[in-house]
Amino acid sequence: MPVIVIELGKKIREIRESKKMSTMELAFSIGIEAQHLRRYETGKQEMKISMLEKIANGLQMSIGELIEYELIKKKDDI
């Protein structure tokens, strides 16, 4: 898998966990099975933009915020 797929999956998991959401909770809120969400989070499956949008919405953020999350997090740590 491309590195970007793996890194994006890690971000999704990190954000989900920071919001105290389980895999099941997020998956249910966006209408997919938890095993599919786990595959995205571990970088084992690429996702379409439409799925990225659903995940971002489930995390109550925009796609842009999701992609920029690492930059925002690093800025806040300074």
*asked:* Can you go through ILE15, ILE6 and tell me which one is hydrophobic (A, V, I, L, M, F, W, C), in a helix (DSSP H, G or I) and touching a Leu at 6+ places or on another chain (Cβ under 6 Å)?
replied: ILE15
*For residues in the stretch 11-45 being surrounded by fewer than 14 Cβ atoms within 10 Å (Cβ to Cβ) and basic (Lys, Arg), which is farthest from LEU59 (Cα to Cα)?*
LYS44
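Find the residue count for the stretch 35-58, including only residues that are in contact with a Phe, Trp or Tyr (Cβ under 8 Å, 6 or more places away or on another chain) and in a helix (DSSP H, G or I).
Residues meeting the conditions: 2.
Read-outs throughout are calculated quantities, based only on the coordinates presented, and are distinct from any laboratory measurement. All values reported here derive from a predicted model rather than from experimental measurement. Reconstructed Cβ throughout: ideal geometry from the backbone, glycine too, with neighbour counts over all protein chains shown.
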